[in-house]
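FYI, it's all coordinate maths here, none of it is from the lab. Quantities reported herein were computed from a predicted structural model and do not represent experimental measurements. Note: ideal-geometry Cβ built from the backbone for every residue, glycine included; neighbour counts use all protein chains shown.
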Amino acid sequence: MTENSPRTYAADALTTDRYSWLAAAGGAAPSLHNSQPWHFRATEDRHGLLVCQDPSRAVPVTDPMGRALHVSIGAALLNIRVAAASLGLETRLRLLPDPTRPDLVAALTFDQPTPGIGPHPDAALYPAIAQRHSSRRPFTNRDVPERLVGELIVVADREGVVLAMLEEAETRRVLALTTEAERRTAADVTREAETRSWVHLEAPAADGIPAEALGPLDRDARVPVRSFTGHPPHGAPASARFEPLPQLATFTTAHDDRTAWVRTGMALERVWLLATLNDVHGSVLHQAVEWPDTRWQLRDPETGPGYVQIILRLGYGPPGAATPRRPVTEILQID
Ligand SMILES: Cc1cc2nc3c(=O)[nH]c(=O)nc-3n(C[C@H](O)[C@H](O)[C@H](O)COP(=O)(O)O)c2cc1C
């Protein structure tokens, strides 16, 4: 991935408008508590983009290792790759290219495709970047079609991540672990305070979660959605009846390092965008991944060793509300 492929030759230097297009797409990615822990810098030659972490936007109590931070940045990277494809550009990606610069998560170089080779297939995902929102409301009982599940597995695999759509017994096991993790989080004053600090119920903000994006809790306590406003919740919609058996997809990697985390984010966003194009909504159930022992137990005994990185609940139902994003001028630097 570090060499020019036969599909490409060097593109013209990128204009400020093009950089803004790429940064806006990156900034629209999902992130833990909408923390948006990224920063983008144009390369001096204007043919590339450096994607860095912004440690001032970490969520240290919930995410002490920076695992979710890297997943979030991975999702931003995927969006940038898709936005580049929508501009007719090919992207070369180097993950963690410089061991002396731990803040640098990825270096992207943009090339022109060889004439006549046709648009990159990722361009088709571009409209879904703006349409995708976390949907925390109850879904219907309608199954995600097998055909689409198969495609989601394939696109996650392209990023080196194993997606599994859970069967009923496995779903119930994962829900029980998530319920236990949510219970523990509720009892942890520091975690609750940290989560609450990212929820902005009254004053508008450029990050975090606004009231419109919150969902109800499950009246039957089957689907343990995160309560962002404490226990009992404050300012969230009243409880509601959720789908009896949610459709859960787990994302698993063979290793548990920064590369695996970033790849998980790219797979998550690729899957979520493709689902969005097919009118399937999603929301993340992350609580069980945030406690070492529940995370360990998430591993599917059938599929063997591996590290569960994230869980996505998929289904049909009401779309989620848009959440705010920091302006491009704050996340993009062009010297
Ligand atoms: C690593 C990670 C963990 C997340 N955990 C949760 C979660 O446990 N519950 C939830 O409702 N949303 C979760 N989210 C979704 C974010 O809250 C959401 O992406 C963010 O608020 C922006 O909203 P949007 O997805 O609608 O753009 C998570 C997202 C990421 C990337």
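Distance from the Cα centroid of segment 27-75 to that of segment 132-151 is 27 Å (rounded to whole angstrom).
I'd like the Kirkwood hydrodynamic radius of segment 78-171, using the inverse of the mean 1/r over distinct C-alpha pairs, in Å.
On the way: mean 1/r = 0.0606 Å⁻¹.
Result for segment 78-171, one decimal place: 16.5 Å.
Taking the centroid of alpha carbons for each part, segment 155-217 and segment 249-324 are 10 Å apart. Per the Debye formula with a single identical scatterer at each Cα and no solvent contribution, what log10 I(q)/I(0) holds for segment 182-335 at q = 0.12 Å⁻¹? Result of the Debye calculation: -0.63. Give, to the nearest whole percent, the P(r) tail of segment 251-309 beyond 16 angstrom, counting all Cα pairs. Of all Cα-Cα pairs in segment 251-309, 51 percent lie more than 16 Å apart. The alpha-carbon atoms of the chain, seen along their principal axes, cover 57, 43, 36 angstrom, with the largest extent given first.
In plain terms, the residue of 151, 243 with the fewest other Cβ atoms within 10 Å comes first and the most crowded comes last, giving 151, 243.
Across segment 276-287, computed HN-Hα scalar couplings (Karplus, 6.51 cos²θ - 1.76 cosθ + 1.60, θ = phi - 60°) run 4, 4, 9, 6, 9, 9, x, 8, 8, 10, 10, 4 Hz from first to last residue, x flagging Gly and Pro. Considering only the Cα atoms of segment 8-130, their convex hull presents on average a projected area of 7.8 nm².
Rounded to the nearest 10 degrees, the inclination of helix 67-86 to the longest alpha-carbon principal axis of the chain is 50 degrees. Dipole check for the chain: with +1 at the C-beta of Lys and Arg, -1 at the C-beta of Asp and Glu, and the Cα centre as origin, the magnitude is about 380 Debye. Axis angle, to the nearest 10 degrees, between helix 168-187 and the longest C-alpha principal axis of the chain: 80 degrees.
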